[in-house]
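Contents: one structure, followed by commentary.
No lab work stands behind these numbers, since they all come straight from the coordinates. Predicted, not measured: the structure shown is a model, and the values here were computed from it. So basically every Cβ, Gly included, is an ideal-geometry build from the backbone, and we count neighbours across all protein chains shown.
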Amino acid sequence: MKDTRRDLLAALNACEKSLSEGHGLEIVEDTTTTIRFAQRYRAHFKHEDWEDEKKLRRDAVDILVILRNIAEREDNLVEEQEKEVVREWCREIRARVDRDDDVRRQMWERAQSWMQGNWDGNEWGTTPFISLPPLPAQVDHLRTILPSVNPI
């Protein structure tokens, strides 16, 4: 999972760099790579918010349409409006990764505070142990018949 996140962030950096310095097919290639890593990232880090997932997929399809239009042009020129749409998509993906990092960080902090909490009488992480009633006489009877059976 760390590799997926790292690869996505590296692809986002390359995509943003090609948008500011690159031309035509370089932008298409870097953005396509970023979309692939974003899809892989979504497969590893599922979310309960389906509207967010659907929006990310719709946005990726919109970006692919823009990339196809760029690739089909003879001179591979990229309009500034197209670059801005791709930049915005990159910002949204980066924001998604940051939100995921925050969620994982909060989960880790909760787990750490639970682990470092007071464990006296609560070693199992549940309410203190309640003593059980004595075993019924039937178990004692089984103990004499089957000596290999361990009592509960």
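A few notes on this one:
- Charged side chains reduced to their Cβ positions (Lys and Arg at +1, Asp and Glu at -1) give segment 1-66 a dipole of some 280 debye around its Cα centre.
- Pairs of lysine residues in segment 2-115 - Cα separation under 19 Å, sequence separation of 8 or more or cross-chain: 4
- Cα gyration tensor category, rounded, prolate or oblate, for segment 3-66 with a/c compared to 1.5: oblate
- Electrostatic dipole magnitude of segment 2-115 [Cβ: Lys, Arg +1; Asp, Glu -1; Cα centre; debye, to 20]: 720 debye
- Neighbour-count order for Thr34, Thr4, fewest beta carbons within 10 angstrom listed first: Thr4, Thr34
- Reducing segment 1-41 and segment 57-74 to their Cα centroids gives an inter-centroid distance of 14 Å.
- Dipole of segment 4-85 [Lys/Arg +1, Asp/Glu -1 at C-beta], most positive-end residue of Leu19, Val78, Leu9: Leu9
- Computed Rg/Rh of segment 2-115, alpha carbon atoms with Kirkwood Rh: 1.06
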